[in-house]
Each structure stands twice: as C-alpha cells, then as structure tokens.
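Take a look at the structure set out below.
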Amino acid sequence: MFTRKTVSFLRSLKRNNNREWFRAHKEDYERHVRGPMSDVVARLAVDMRSFAPELIADPKVSLFRPYRDTRFSSDKSPIKTAVGARFPSRQFARGEGAGLYFEVAPGWVWIGGGMYMPSSADLNAIREEITSSQPRLHRLVTSPAFKRACGEMIGDRLTRVPRGYAKDHPAAHYLQFKQFLGASEYEASFATSPSFYRELLRVFKAVTPLVKFLNQALLERLKQAPILVDEPTTRDLRRSAPLPPAAAPMW
C-alpha cells in the first residue's frame, strides 16, 4: 500500500515545510501519501468488524487534514510531516473516548491506541473502573498478545498514588497513570514492508481490549451522571407566573 515514494515524500516535506512547496507537490501527496492511507483505512473498515465493530474506520472521519493549527504553537511549520489515521468509538462525541491510531512519519511508524489526554472527569472514571474491576486491567495489559505486541502499557504517570487511594492499593501501579497507551514503534521503512498490514492488524487486535476497558469506564460514568435541571431564572418565573386579572374598564 505504502511505497518508498511515501516515505520519500514525507522526508522532502520535512525539509521544505511551506505552503508553496506543498501546493506545487499536492498531486504527489495525493498519490503517494493520502491515497495509500485511504486504502488502508478502507481495508481496516472490513477487517475491524471482527474485533472492534464499535470503532469507526472511515476516511472522512479517520484521516487528518494535512495543515497544522499553529495558532497556539511556537512551531509555525504549516504542514504535518506525518500522515496518521484515528479510529474512534461511535459511542462518543467527536474527540472523546479511547480509540486506535497509527501514523507514518519520516523517521518512524507508530501503531497503537488507548487514551492520550483524558479529562479530569474521565481520569477519575477510569481509576474507579480500575479499582472496582481489579485485577482486570492488569490481566489485559499482561496478556501474552498485549506483551508480544506492545511490551507493557505506557503513558505519563504520577510520582505517587493519587489522593483518595491507599498507597498500598493492589492497583497502585495503574492508578498512577495519566495516559493509557499500548503501542509499538518501527523504522519508517517498515511502512513499505509486505508484512506492514499484517502487523498493523496484530497490534490493533492486541490493544483493542484496553480500548474497550477505557471506554466502558467512560460509559459507566455517563450512565451515572445525574440529569441536571437548570434553576428557572427570574425572567422565566415572571413568564410562568399567572397573569394578574385585567383591570375593569373605567367607562
């Protein structure tokens, strides 16, 4: 699917990261980068049905735009030098929940999934799921399939067990995590290997149980969230109050 021209284009883009160069080579980008990526996503849309039917594999959703948002970044390079695809859960709004992801960059191929930036509420829900289902997460990330594909769960961690949990809690190691990821990284040339797609599927299948665990925790939080009814405002009270009787005519 990907070829040497894919990696070559990304490396050239890294050296010439400006809109003028990109516009002049847009046809090569479509043929050697975005086109093959769309083909991979379309193939995954079929193969993922057997192990992750709740995840979306659709080029319209999965593919990222090539242009970077530089408004709040010190790096003003306008074009992304890596091409990636995300596979989110259809159970959540856009940008929420755990999912799968892979990218091809000038220097690497990254395949994996999980949650990269959970909100405070999501993080609390995941920690509650970790404690209430202990040792389920441990079994998932130490399973033979996960260990062969990813080694171990990775992500930023606290230096201590979070407040509210005992220091010697049986799940203390996992409660310290702020990110929950399973991944494997390869040389950039691996994208052109005949075994690339087979390995992509192998890692995705190994990481999917972690993704399901995280999403289940978030769904449980949504089920338990109280339905809040806004207090009526003074204006609303005036509108809903009974009208005073009409004044009697003076004639």
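The values are calculated or read from the model by the stated rules, or taken from the named source; none is laboratory data. Quick caveat, the model's predicted, so the values are computed rather than measured. In this analysis, Cβ positions are derived from the backbone assuming ideal geometry, glycine residues included, and neighbour counts consider all displayed protein chains. These area figures cover heavy atoms from the full protein model, side chains too; ligands, DNA and RNA do not enter into them. Shrake-Rupley method; radii C 1.70, N 1.55, O 1.52, S 1.80 Å.
Here are the numbers for the structure shown:
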| quantity | calculated |
| --- | --- |
| Relative compactness, the chain, computed as alpha-carbon Rg over 2.2 N^0.38 Å | 1.37 |
| Relative contact order computed over the chain (Cα-Cα under 8 Å; 6+ residues apart), in percent | 19 |
| Cross-link reach list, aspartates and glutamates versus Lys178, counting only Cα pairs under 18 Å and skipping chain neighbours closer than eight places | Glu96, Asp122, Glu128, Glu129, Glu152, Asp156 |
| Structure-based [θ]222 nm, the chain - -39500 (n - 2.57) summed over DSSP H runs of at least 4, per residue, nearest 500 | -12000 deg cm²/dmol |
| Rel. contact order, % - alpha carbon contacts under 8 angstrom, at least six apart, the stretch 1-58 | 38 |
| Of Lys5/Lys76; Lys60/Lys205; Lys26/Lys80; Lys5/Lys205; Lys14/Lys60; Lys167/Lys212, those spanning more than 20 Å from alpha-carbon to alpha-carbon | Lys5/Lys76; Lys60/Lys205; Lys5/Lys205; Lys14/Lys60; Lys167/Lys212 |
| Rounded to 10°, Cα long-axis angle of helix 196-224 versus longest principal axis of the chain | 10 |
| Neighbour cut-off at most 15 other Cβ (10 Å), DSSP loop, GluC sites (Glu not before Pro), the stretch 61-162 | Glu152 |
| Degrees, to the nearest 10: 4-15 long Cα axis against longest axis of the chain | 70 |
| Among 45-58, 104-117, the order from most to least packed when residues are scored by Cβ within 10 Å on average | 104-117, 45-58 |
| The chain, accessible surface, carbon-and-sulfur percent (1.4 angstrom probe) | 52 |
| Solvent-accessible heavy-atom area per residue, rounded to whole Å², over the stretch 1-149 at 1.4 Å | 55 |
| Debye intensity ratio in log₁₀ form over the Cα atoms of the stretch 11-138, taken at each q of 0.09, 0.18, 0.19 Å⁻¹ | -0.35, -1.10, -1.17 |
